[in-house]
Amino acid sequence: MAKLDIITAPDPRLKVKSRPVARVDDRIRRLMDDMLETMYLAPGIGLAAPQVGVAERVIVLDLAHEGEPPAPYRLANPEYVWVSDEDTTYNEGCLSLPEHYGDVTRPRAIRVRYLDYQGEIRELAAEGLLATCIQHEMDHLDGILFVDHMSALKRNMILRKLLKARKTGSSASVGATAF
Ligand SMILES: [Zn+2]
């Protein structure tokens, strides 16, 4: 496995719509494994392929707490088959927006269909933080960042700060709930 570089905003590669995976082959399995390793090292609880510069519909997640055994999810071509009417709000972070957090309201529960590590079609029902995290990662596949759910004022403030931090070369540490 190899650690990949995580792209930070503002970067045009985070704004593109990723293409579906034709099939889950060794190349995609390797991408999934490399993304997981990158996510664990960051550390974060979710990562989408566009965040490592790959415009393909692949996401990985692991919400296990420190000290618990790993519980990785590897999803290719995830699609919603159901979303709840009821919403929930979570203070989200993102490995591509280091050190910035914001409240985002999304459906509380979802059901997604996807291809697993073996290329089999699966369905996953999720609620709470797992549902929030999957939606956050699926947004990345459509070029949407969590700040795009916030007001233009807040979004521009965060993006300006990130640009400034990059120019001054200050390195940012990332919180444990970034995805
Ligand atoms: Zn993110």
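The values are calculated or read from the model by the stated rules, or taken from the named source; none is laboratory data. Quick caveat: nothing in here was measured; it's all calculated off a predicted structure. Please note: Cβ atoms are built from the backbone with ideal geometry, for glycine as well, and neighbour counts cover all protein chains shown.
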Original post:
Quick one: would you say GLY53 is touching a residue at least 40 places away in the same chain (Cβ under 8 Å) and of a type in the set (Gly, Ala, Ser)?
Top reply: yes
**OP:** Keeping to region 13-69, report how many residues are out of contact with any Ser or Thr (no Cβ under 7 Å at 6 or more places or on another chain), within 16 Å of the ligand (Cβ to nearest atom) and not hydroxyl-bearing (Ser, Thr, Tyr).
**Re:** 21
Original post:
Of the conditions (1) under 19 Å from ALA2 (Cα atoms); (2) out of contact with any strand residue (DSSP E or B) (no Cβ under 7 Å at 6 or more places or on another chain); (3) at pLDDT 95 or above, PRO43 fails just one. Which one is it?
Top reply: (3)
Original post:
Hey, among GLU37, GLU99, GLU68, GLU79, which residue is of a type in the set (Asp, Glu) and within 22 Å of LYS154 (Cβ to Cβ)?
Top reply: GLU99
Subject >> First in region 130-153 and within 12 Å of the ligand (Cβ to nearest atom), second anywhere and basic (Lys, Arg) and modelled with pLDDT under 95, Cβ under 8 Å, 6 or more apart >> reply: VAL147/LYS154; VAL147/ARG155; ASP148/ARG155
Original post:
Which residue out of ILE59, ILE45, ILE28, ILE6 is farther than 21 Å from ILE144 by Cα and in contact (Cβ under 8 Å) with a residue 24 or more places away in the chain?
Top reply: ILE28
Original post:
Residues that are farther than 13 Å from ALA178 by Cβ and not β-branched (Val, Ile, Thr): which strands (runs of 3 or more DSSP E) entirely in region 58-138 hold 1 or more of them?
Top reply: 73-83, 87-93, 101-107, 109-115, 121-127
**OP:** Of all residues in region 11-33, count the ones that are in a helix (DSSP H, G or I) and either in contact with a helix residue (DSSP H, G or I) (Cβ under 7 Å, 6 or more places away or on another chain) or over 27 Å from LEU163 (Cα atoms) (or both).
**Re:** 10
